[in-house]
1. Any residue at all in the range 144-153 that's in contact with a Ser or Thr (Cβ under 6 Å, 6 or more places away or on another chain) and at pLDDT below 95?
2. Just one of 14, 89 is in a loop (DSSP other than H, G, I, E, B) and either at pLDDT below 90 or more than 30 Å from residue 120 (Cβ to Cβ) (or both); which is it?
3. Any idea which of 63, 28, 47, 43 is surrounded by 14 or more Cβ atoms within 10 Å (Cβ to Cβ), out of contact with any Cys (no Cβ under 8 Å at 6 or more places or on another chain) and either modelled with pLDDT of 90 or more or of a type in the set (Gly, Ala, Ser) (or both)?
4. May I ask you to list pairs of residues, at least six apart or on different chains, whose Cβ atoms are under 7 Å apart, with the first in the range 36-57 being under 16 Å from residue 167 (Cα atoms) and the second being small (Gly, Ala, Ser) and buried (at least 16 other Cβ atoms within 10 Å of the Cβ)?
5. I'd like to know if the range 85-92 contains one or more residues that are out of contact with any Leu (no Cβ under 6 Å at 6 or more places or on another chain), surrounded by 14 or more Cβ atoms within 10 Å (Cβ to Cβ), closer than 22 Å to residue 28 by Cα and touching a residue at least 12 places away in the same chain (Cβ under 8 Å).
6. Scan the range 101-113 and tell me whether some residue there is within 18 Å of residue 28 (Cβ to Cβ), without any contact (Cβ under 8 Å) to a residue 40 or more places away in the chain and out of contact with any His (no Cβ under 8 Å at 6 or more places or on another chain).
7. For residues that are within 27 Å of residue 99 (Cα to Cα) and β-branched (Val, Ile, Thr), tally how many sit in the range 51-73.
8. Answer yes or no as to whether residue 110 is under 25 Å from the mean Cα position of the chain (by Cα) and in a loop (DSSP other than H, G, I, E, B).
Amino acid sequence: MSKNFNNKNINGNKPPEDTNINVVKHVLSDGTEVTLRQVSRFLVDRLQASRKIPEPPTYEVTLVDNTKQVMIHDESTISTPDDKLIWDKYILDRKIEEAEFSQKFYKLMIFEGVDVSEEKLRDDASWIKRQKYLGIDNIPDDEFERKYHYINTEVMKTDSDMIELISTIMTLNGLNREVVDDIRKSFRTTIQGD
């Protein structure tokens, strides 16, 4: 069942505690109202399952009976310069994978969570004409990339818009409010460079 909640205060109003809400109206910093919706849990799960998380490096230990056992390295087991190089590469690979996953997750939340009418994406839409006039010639032809471009350049005007849209969509998806608040703080820290 869909219910609507009109979020007229962009400075922290949240939908009521009702697990049946999967569509909300949200007012952006410029007064524009957008419809946000819950993202399919299946899509989120599939995206999570597609992750290629690097395996931690390992080392061998010889046991009392002369058999070898493979152990997983952690920071405390690094003992040689070669171990350090391997560990540093693993940490770097993890950070790269996490950044790539975060970008994919953001794209999924924005693309699936923000409703955009078909007419907004037509070639003759006023925003396309305006952007071309301003010298932005690389407006995507692909319908999916165009929607993503539109949301990022026309819907979200401020960092606060981005933070609030993502937070609201994640709340619609059933994430605990404390987790969403932590994510909101994380976005602010990333954007502000703290």
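The values are calculated or read from the model by the stated rules, or taken from the named source; none is laboratory data. All of these numbers come straight from a predicted model, not from anything done at the bench. Neighbour counts run over all protein chains shown; Cβ positions are idealised from the backbone, glycine included.
1. Checked against the condition, which is being in contact with a Ser or Thr (Cβ under 6 Å, 6 or more places away or on another chain) and at pLDDT below 95, the range 144-153 yields no hits at all.
2. 14
3. 47
4. These pairs meet every condition: 36/113; 37/113; 39/113.
5. The answer is no, given that none of the residues of the range 85-92 is out of contact with any Leu (no Cβ under 6 Å at 6 or more places or on another chain), surrounded by 14 or more Cβ atoms within 10 Å (Cβ to Cβ), closer than 22 Å to residue 28 by Cα and touching a residue at least 12 places away in the same chain (Cβ under 8 Å).
6. Checked against the condition, which is being within 18 Å of residue 28 (Cβ to Cβ), without any contact (Cβ under 8 Å) to a residue 40 or more places away in the chain and out of contact with any His (no Cβ under 8 Å at 6 or more places or on another chain), the range 101-113 yields no hits at all.
7. Looking only at that region, the number is 3.
8. No: the conditions fail for residue 110.
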